[in-house]
Amino acid sequence: MARRKKIYEGKAKTLYEGPEPGTIVQYFKDDATAFNAEKHAVIEGKGVLNNILSEFFMLGLGQIGVPTHFLKRLNMREQLVRSCEIIPLEIIVRNYAAGTICKRLGIDEGTQLPRPVVEYCYKDDALGDPLVTEEHIAAFGWASQQDMDDILSLALRVNDFMSGVMLAVGIRLVDFKIEIGRIYDGDFQRLVVADEISPDSCRLWDIKTGQKLDKDVFRRDLGSLTDAYTEVARRLGVMPNNPPAPGKPTLVN
Ligand code: C5P
């Protein structure tokens, strides 16, 4: 089989040229990073679980009419997606306080927010993905006002969908991050949900016990990340056929 051309290697995924023009293969790695890659480990099976969970969420979003870049899963670690131009923003939606909002605003972890709070961060690892305002986004031309209206609407639809899906299996969607891509169809552009949606990019707490089932397990050394992600996949009924043996993470640095 001809070797595929690598386009980009990120912290958790590698992108390869797809078989057709306008397509890309996303390969999910087992690498886990936190604190802007200061903490890094390889956790066997994480990539498989994220590939399958992201497929599940993206397909569900497609079914309710939220456009995504997802085309199809190719195998346990790879999915075919539409190539798009990623808007350099991380869009964060919060339902309950956790993580950086607690530090920034002095809110207790777990406090229910009066309404979903949407935040934007500028995607730049060297700067640590700083929080930005719509004023920065407009001034530096990262997205137009029309884009921002569409992004807000997409983010809130993803929030409603994900909150409902998780609630149905006894899990609270605390917050999540999405990325949005532009796809050009002739003279027209449309925005789609891109990248991935997985326990790497969401905070998921068991509703009854508060147990964390997301990347905070790795960030805060709370136990086995594979066990946590496997539990999410199991509850959603999307466990891979050969579940990864829960192994100890190999600490890289
Ligand atoms: O760290 P913070 O509290 O701002 O994160 C909010 C949400 O966005 C969390 O679910 C986190 O996993 C996600 N996030 C992410 N990638 C980043 C920053 C945050 O997936 N670079």
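The values are calculated or read from the model by the stated rules, or taken from the named source; none is laboratory data. This structure is a prediction, so every number in the text was calculated from the model and none was measured. Note: ideal-geometry Cβ built from the backbone for every residue, glycine included; neighbour counts use all protein chains shown. Remember, those area values only see protein heavy atoms, side chains included, never the ligands or the DNA or RNA. Shrake-Rupley method; radii C 1.70, N 1.55, O 1.52, S 1.80 Å.
Observations, loosely collected:
- When GLY128, GLY164, GLY141, GLY181 are checked against the criterion of being among the small types (Gly, Ala, Ser) and closer than 26 Å to GLY210 by Cβ, a single residue qualifies: GLY164.
- CYS121 closer than 19 Å to ASP195 by Cβ and within 12 Å of the ligand (Cβ to nearest atom): yes
- Just one of the listed residues (LEU127, LEU173, LEU113, LEU105) is more than 18 Å from LEU89 (Cα to Cα), within 13 Å of the ligand (Cβ to nearest atom) and either of a type outside the set (A, V, I, L, M, F, W, C) or free of Cβ contacts under 8 Å to residues at least 12 places away in the same chain (or both), and it is LEU105.
- Checked against the criterion of being within 16 Å of the ligand (Cβ to nearest atom) and either open to solvent by 20 Å² or more (accessible area, probe 1.4 Å) or under 17 Å from ASP175 (Cβ atoms) (or both), the range 55-67 has at least one qualifying residue.
- Restricting the range 225-238 to residues that are more than 21 Å from SER163 (Cβ to Cβ) and either within 13 Å of the ligand (Cβ to nearest atom) or free of Cβ contacts under 8 Å to residues at least 24 places away in the same chain (or both), the residue that is least open to solvent (accessible area, probe 1.4 Å): LEU225
- ARG190 being within 13 Å of the ligand (Cβ to nearest atom), surrounded by fewer than 18 Cβ atoms within 10 Å (Cβ to Cβ) and either at pLDDT 95 or above or outside the structural domain of GLY170 (by TED's automatic domain parsing) (or both): no
- So ALA37, is it open to solvent by less than 20 Å² (accessible area, probe 1.4 Å), not in a strand (DSSP E or B) and not basic (Lys, Arg): no
- Within the range 130-144, tally of residues that are away from the ligand (no atom under 14 Å from the Cβ), open to solvent by 60 Å² or more (accessible area, probe 1.4 Å) and touching a residue at least 12 places away in the same chain (Cβ under 8 Å): 3
- Residue within the range 147-155 that is surrounded by 14 or more Cβ atoms within 10 Å (Cβ to Cβ), at pLDDT 95 or above and within 13 Å of the ligand (Cβ to nearest atom) present: yes
Each row is one residue, and each column tells you yes or no for (1) touching a Lys or Arg at 6+ places or on another chain (Cβ under 9 Å); (2) within 16 Å of the ligand (Cβ to nearest atom); (3) not assigned by TED's automatic domain parsing to the domain that holds LEU15; (4) not charged (D, E, K, R).
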residue	(1), (2), (3), (4)
LYS46	yes, yes, no, no
LEU53	no, yes, no, yes
HIS69	yes, no, no, yes
ARG94	yes, yes, yes, no
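- Flag if GLU179 is among the acidic types (Asp, Glu), open to solvent by less than 80 Å² (accessible area, probe 1.4 Å) and not in a helix (DSSP H, G or I): yes
Conditions (1) farther than 24 Å from ASP227 by Cβ; (2) without any contact (Cβ under 8 Å) to a residue 40 or more places away in the chain; (3) within 13 Å of the chain's Cα centre (by Cα), marked per residue:
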| residue | (1), (2), (3) |
| --- | --- |
| ASP160 | yes, yes, no |
| LEU167 | no, no, no |
| LEU191 | yes, no, no |
| CYS202 | no, no, yes |
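- Some residue of the range 202-213 being modelled with pLDDT under 95, assigned to a loop (DSSP other than H, G, I, E, B) and open to solvent by less than 30 Å² (accessible area, probe 1.4 Å): no
- Boolean, LYS177 is more than 30 Å from ARG234 (Cβ to Cβ), at pLDDT 95 or above and of a type in the set (Lys, Arg): no
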